[in-house]
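Asker: Supplied in structure tokens, the structure appears directly below.
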Amino acid sequence: MEKIGLYGGTFAPPHLGHVHAARAFLRAIPVDRLLVMPTFQPPHKAKAAGDTPEVRLEMCRAAFAGIPGVEVSDYEITKADVSYTVQTLRHLTAENREIYMLCGTDMFLTLEKWYQAEEIFRLAKIVCMSRTTEKEQEIAETHARYLRKFGQDCILLKEDPLEVSSTRIREAIRKGQSLAAYVPAEVEAILRRDGLYKGTES
Ligand code: ATP
């Protein structure tokens, strides 16, 4: 059976924290490939952010280009509709695949509130990569609760976090600060080419 990793997100923009998490995932989980899948955003939201689904896809391709085993997928963006994770998982598992879904701390802690969470836990093995050295206790409690509630012993990756967020990067862009510590050079070039995320956040 094919083993697939799924790493979904807005990726506005993709950053070194995402790349670090993907590498940590690939070191720990023997998947055939890891799909990085940017979500579609309705046009009005994209307009507010100053980006488009296509440029987020392009930035993801640039950010993950050098990592063997990673494939950037346009599946949700091509559907051009708001996608629920559960729908993407149904699509991926239609072909007898085992899915490992990678998420950071924030997503892991809120997963039980996602649309049709029970089915998400049935369709995918959840893999959590810490985004911060804090919240260890909360992660441990949530891990134990998911085991009781959904019968799943989620995988917690044991690697040091890289504390970067897209929000922080958009803020640095507005302040005209250097992005070198946050994003790969190829992503920075696209951000500058298109003048992305310079406006105030709505
Ligand atoms: P924003 O700041 O706009 O909310 P973000 O940095 O959280 O963006 P997303 O595209 O929303 O980035 O995240 C996609 C996935 O990557 C989520 O599962 C998120 O938890 C995870 N993630 C984001 N940053 C990191 C990081 N530094 N380390 C590990 N996982 C991360």
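Asker: Would you please name the residue that is nearest to THR167 (Cα to Cα), looking only at residues in the stretch 114-137 that are loosely packed, with under 14 Cβ neighbours inside 10 Å and away from the ligand (no atom under 14 Å from the Cβ)? Give the steps one after another, and end with the answer.
Answerer: Of all residues in the stretch 114-137, those loosely packed, with under 14 Cβ neighbours inside 10 Å come to 115, 118, 133-134, 136-137.
Those left that are additionally away from the ligand (no atom under 14 Å from the Cβ): 115, 118, 136-137.
Values: TYR115: 24, GLU118: 29, GLU136: 22, GLN137: 24 Å.
Among those residues, the one meeting the criterion is GLU136.
Asker: Let me ask something additional. Please state which of the following conditions ASP194 fails to meet, knowing it meets all the rest: (1) acidic (Asp, Glu); (2) within 12 Å of the ligand (Cβ to nearest atom); (3) within 28 Å of LYS45 (Cα to Cα).
Answerer: Tallying (1) acidic (Asp, Glu); (2) within 12 Å of the ligand (Cβ to nearest atom); (3) within 28 Å of LYS45 (Cα to Cα), ASP194 fails exactly one: (2).
Asker: Another question about this same structure. Any residue at all in the stretch 63-81 that's touching a Leu at 6+ places or on another chain (Cβ under 8 Å), within 12 Å of the ligand (Cβ to nearest atom) and within 21 Å of ARG170 (Cα to Cα)?
Answerer: So far as the stretch 63-81 goes, no, none of its residues is touching a Leu at 6+ places or on another chain (Cβ under 8 Å), within 12 Å of the ligand (Cβ to nearest atom) and within 21 Å of ARG170 (Cα to Cα).
Asker: How many residues are assigned to a strand (DSSP E or B), open to solvent by 40 Å² or more (accessible area, probe 1.4 Å) and more than 13 Å from the ligand (Cβ to nearest atom) if we restrict to the stretch 3-48?
Answerer: Applying the first criterion (assigned to a strand (DSSP E or B)) to the stretch 3-48 yields 3-9, 33-38.
The next check asks that each one be open to solvent by 40 Å² or more (accessible area, probe 1.4 Å); those that pass are 3, 8, 33.
Applying the additional criterion that residues be more than 13 Å from the ligand (Cβ to nearest atom) yields 3, 33.
Result for the stretch 3-48: 2.
Asker: Test ASP106 against the stated conditions and say whether it is part of a loop (DSSP other than H, G, I, E, B) and either out of contact with any Phe, Trp or Tyr (no Cβ under 9 Å at 6 or more places or on another chain) or buried (at least 19 other Cβ atoms within 10 Å of the Cβ) (or both).
Answerer: Working: part of a loop (DSSP other than H, G, I, E, B): no; either out of contact with any Phe, Trp or Tyr (no Cβ under 9 Å at 6 or more places or on another chain) or buried (at least 19 other Cβ atoms within 10 Å of the Cβ) (or both): yes.
No: the conditions fail for ASP106.
Asker: Right, something else. Do you know which of the residues in the stretch 59-75 that are within 15 Å of the chain's Cα centre (by Cα) and open to solvent by 60 Å² or more (accessible area, probe 1.4 Å) is nearest to GLU2 (Cα to Cα)?
Answerer: Here the residue is GLU71.
The values are calculated or read from the model by the stated rules, or taken from the named source; none is laboratory data. If you're wondering where the values come from, they're calculated on a predicted model, not measured in any experiment. Reconstructed Cβ throughout: ideal geometry from the backbone, glycine too, with neighbour counts over all protein chains shown. What goes into the accessible areas is simple: the full protein's heavy atoms, side chains included, and nothing from ligands, DNA or RNA. Shrake-Rupley method; radii C 1.70, N 1.55, O 1.52, S 1.80 Å.
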